[in-house]
Amino acid sequence: MSFLKGNFFYNGKPLPSAPLWGMSVLSSGNMRFRWNENNSVRDNFFSSICAEKRKVAQPELIHSKTVYEVSSADEIFFKKGDGILTSNKFIVPAVTVADCMPIFVYDKNSNVFGVLHSGWKGTGIAAEAFYMLNKKYDSSPCDLCFVLGPHINSCCYSVDKDRAEYFAENFGSDCVSFIDGNKYSLSLAKANLFLLKKIGIPDGNVFINKECTCCFKENGTFKYGSFRRQTALLPQNLPLEEKQKHFTVQAAFVFYSF
Ligand SMILES: [Zn+2]
């Protein structure tokens, strides 16, 4: 099963003692997750990459800044939120993304690891994860490692003036640039880098994957599912539930490979 994986970085160097981050791709299939649905594509994907002893744990996403820390996979049952952390190496914390940014987290102090779902509404969730780890384990900013995974880049992410102003006010003016009329382009990576710098995370502990989920191609074909790209030709007024049948969401997760 092909999927993307990589290391966390500490002081600019890969951290072999840490877990790995992973993400499915378009050809892996749709990883849609709802508590009241079954998804055999997702089940098969995870059983092919995780040893059977391990349990995938994911909240149902709601575009919030709510992060859970769990010690067993059962604790997340029927929970809704956008981030999940654990120190249990037998748990595979996961979220789903299609243009939103997956943010992978590893805390070298407590060995807590996990993943956050950060779209425009959820931008700021990385700071929430840090505050949790700081409060519970006294972790300092230099203990934390973040990987900003594949997401819609500024090349394809146009937003209106209101959203651009919201981002410039809260995450620095660098993350937005004017296109024309009421159109601005937004960089979720720059917004999150601003946030991570503000809370004191060293640059060497942050790694960014710059592949754009909307336009990046590998061997001539789109590598990722993308909400923007795959719903671009649908009628604007189609309900979101209907639109969701037309795009492919990726699973983003953190795992120990033993
Ligand atoms: Zn793009």
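Take the range 152-183 and flag every residue that is open to solvent by less than 40 Å² (accessible area, probe 1.4 Å) and free of Cβ contacts under 8 Å to residues at least 12 places away in the same chain.
The answer is ALA168, and nothing else.
Do the conditions hold for ILE62, that is, is it β-branched (Val, Ile, Thr) and either part of a loop (DSSP other than H, G, I, E, B) or open to solvent by 10 Å² or more (accessible area, probe 1.4 Å) (or both)?
Working: β-branched (Val, Ile, Thr): yes; either part of a loop (DSSP other than H, G, I, E, B) or open to solvent by 10 Å² or more (accessible area, probe 1.4 Å) (or both): yes.
So ILE62 fits the description; yes.
What about GLU69, is it part of a loop (DSSP other than H, G, I, E, B) and either closer than 15 Å to VAL249 by Cα or open to solvent by 20 Å² or more (accessible area, probe 1.4 Å) (or both)? Break it down stepwise before answering.
Working: part of a loop (DSSP other than H, G, I, E, B): no; either closer than 15 Å to VAL249 by Cα or open to solvent by 20 Å² or more (accessible area, probe 1.4 Å) (or both): yes.
It is false that GLU69 is part of a loop (DSSP other than H, G, I, E, B) and either closer than 15 Å to VAL249 by Cα or open to solvent by 20 Å² or more (accessible area, probe 1.4 Å) (or both).
Please go through the range 19-40 and pick out each residue that is surrounded by 13 or more Cβ atoms within 10 Å (Cβ to Cβ) and more than 24 Å from ASP107 (Cβ to Cβ).
Taking the range 19-40 as the starting set, the residues that turn out to be surrounded by 13 or more Cβ atoms within 10 Å (Cβ to Cβ) are 19-33, 39.
Once the filter is applied, which keeps residues that are surrounded by 13 or more Cβ atoms within 10 Å (Cβ to Cβ) and more than 24 Å from ASP107 (Cβ to Cβ), the range 19-40 yields SER24, VAL25, LEU26, SER27, SER28, GLY29, ASN30, MET31, ARG32, PHE33, ASN39.
Report yes if LEU188 is in contact with a helix residue (DSSP H, G or I) (Cβ under 6 Å, 6 or more places away or on another chain) and either aliphatic (A, V, I, L, M) or within 16 Å of the ligand (Cβ to nearest atom) (or both), otherwise no.
No: the conditions fail for LEU188.
Could you please find all residues in the range 26-59 being of a type in the set (D, E, K, R) and either part of a loop (DSSP other than H, G, I, E, B) or touching a Phe, Trp or Tyr at 6+ places or on another chain (Cβ under 9 Å) (or both)? Quick ask: steps written out before the conclusion?
In the first step, residues of the range 26-59 are kept if they are of a type in the set (D, E, K, R); the result is 32, 34, 37, 42-43, 52-55.
Those that are of a type in the set (D, E, K, R) and either part of a loop (DSSP other than H, G, I, E, B) or touching a Phe, Trp or Tyr at 6+ places or on another chain (Cβ under 9 Å) (or both): ARG32, ARG34, GLU37, ARG42, GLU52, LYS53, ARG54, LYS55.
Residues that are part of a loop (DSSP other than H, G, I, E, B), open to solvent by 40 Å² or more (accessible area, probe 1.4 Å) and either under 17 Å from CYS156 (Cα atoms) or within 12 Å of the ligand (Cβ to nearest atom) (or both): does the range 215-224 have at least one?
yes
For the range 84-179, which fully contained strands (runs of 3 or more DSSP E) count at least 3 residues that are within 16 Å of VAL206 (Cβ to Cβ) and away from the ligand (no atom under 16 Å from the Cβ)?
It comes to 101-107, 113-118, 144-148.
Residue by residue through the range 199-214, note down the ones that are open to solvent by 40 Å² or more (accessible area, probe 1.4 Å) and part of a strand (DSSP E or B).
Correct list: PHE207, ILE208.
State whether the residues of the range 193-201 include one that is under 18 Å from the mean Cα position of the chain (by Cα) and either within 16 Å of the ligand (Cβ to nearest atom) or of a type in the set (Phe, Trp, Tyr) (or both).
Yes, some residue in the range 193-201 is under 18 Å from the mean Cα position of the chain (by Cα) and either within 16 Å of the ligand (Cβ to nearest atom) or of a type in the set (Phe, Trp, Tyr) (or both).
The values are calculated or read from the model by the stated rules, or taken from the named source; none is laboratory data. Everything numeric here is computed off the predicted structure, so don't read it as measured data. We place every Cβ from the backbone using ideal geometry, glycine too, and count neighbours over all the protein chains shown. Note: accessible area is taken over every heavy atom of the protein model, side chains too, but ligands, DNA and RNA are not part of it. Shrake-Rupley method; radii C 1.70, N 1.55, O 1.52, S 1.80 Å.
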